[in-house]
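K.L.:
What follows is a structure written as structure tokens; I'll ask about it next.
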Amino acid sequence: MATKIVILSSMFLLALATSTEASKYQFQNLKETNMMFYMQDWETGANATATPVAGIPHKRWWILGFGTIFATDDKLTVAIERNSSEVGRAHGIYVNSALDGSDLHLLMSLVFTNKEYNGSTLEIQGADRFYQKYREVSVVSGTGIFRLARGFATLETVYLDIPNSNAIIRWNVTVFHY
């Protein structure tokens, strides 16, 4: 019995040492990428990029309405102007998930179309407390250049038109990837 315990303990320590060594190697090969872009979120006008698709029956479906779900295909640009160069698109959904209407939950893929990251994606998830000047959401994964990415994005609303539900959001993204 004592021999079995010693053998099992030795095997456990060997497995632990091997996995620790592999983890050290993996983290040494991580790359850090920082980027900044603007998300053009327009719910009104000829070129709307976000629309409510579900909500509480007999209640107004809008950005400040609890339970309202939006589908989005927002343009990501290099500058604040709507007609500036596109770096990608934000595809996904966001849900107003606070009873007082002050919080969106984001689930989206940032799909890059620019030369540098073309075809790569970052997967975003998190609470967007849009009344705060700065807020963070998580980068939970990625594809292409950003395969197995993790990190965070700091969001800042630089333009907000609540009556028309239009906004421009500055994204500062930091991702670690292989």
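K.L.:
Tally up the carbon and sulfur contribution to the accessible surface of the range 41-157 as a whole percent, 1.4 Å probe, everything protein left in place.
P.N.:
Within the range 41-157, the accessible surface is 56 percent carbon and sulfur.
K.L.:
Once you have the Cα-Cα distance between Ile56 and Lys31, take 0.36 nm times their residue separation minus that, and quote the gain in nm to one decimal.
P.N.:
My answer for the length gained is 4.6 nm.
K.L.:
Which residues' amide hydrogens lie under 5 Å from the amide hydrogen of Arg129, considering only partners 5 or more residues apart or on another chain, with H built in the peptide plane?
P.N.:
Result for Arg129 returns Leu104.
K.L.:
In whole Hz, with x marking every Gly and Pro, tabulate ³J(HN,Hα) for the range 92-108 from phi via Karplus 6.51 cos²θ - 1.76 cosθ + 1.60, θ = phi - 60°.
P.N.:
x, 9, 9, 10, 6, 10, 10, 3, 8, x, 9, 9, 9, 10, 9, 9, 8
K.L.:
With a sphere of radius 14 Å drawn around the Cβ of Thr33, what net charge do the other residues whose Cβ falls strictly inside it have (Lys, Arg +1; Asp, Glu -1)?
P.N.:
Net charge around Thr33: +1.
K.L.:
Further, regarding this structure: Please state the equivalent ellipsoid semi-axes for the range 69-143: what are the square roots of 5 times the Cα gyration tensor eigenvalues, largest first, in whole Å?
P.N.:
23, 15, 11
K.L.:
Using a 1.4 angstrom probe with every protein chain in place, what is the largest-first accessible-area order of Arg60, Arg170?
P.N.:
Arg60, Arg170
K.L.:
Using only Cα atoms, figure out Rg for the range 45-178 and give it as a multiple of 2.2 N^0.38 Å.
P.N.:
1.05
K.L.:
Taking θ = phi - 60°, what integer Hz values does the Karplus form 6.51 cos²θ - 1.76 cosθ + 1.60 yield along the range 161-178, in sequence order, with x for Gly and Pro?
P.N.:
10, 5, x, 9, 6, 10, 8, 10, 10, 7, 10, 10, 10, 10, 10, 10, 8, 9
K.L.:
Percent relative contact order of the range 40-178, based on C-alpha pairs within less than 8 angstrom and at least six residues apart?
P.N.:
Here the relative contact order equals 17 percent.
The values are calculated or read from the model by the stated rules, or taken from the named source; none is laboratory data. Only a predicted model underlies this, so the values are computations on that prediction, with no experimental measurement involved. Methodologically, a virtual Cβ is constructed for each residue, glycine included, from the backbone with ideal geometry; neighbour enumeration extends over all protein chains shown. For the accessible areas, the whole protein counts, side chains as well, though only heavy atoms, and no ligand, DNA or RNA atoms are used. Shrake-Rupley method; radii C 1.70, N 1.55, O 1.52, S 1.80 Å.
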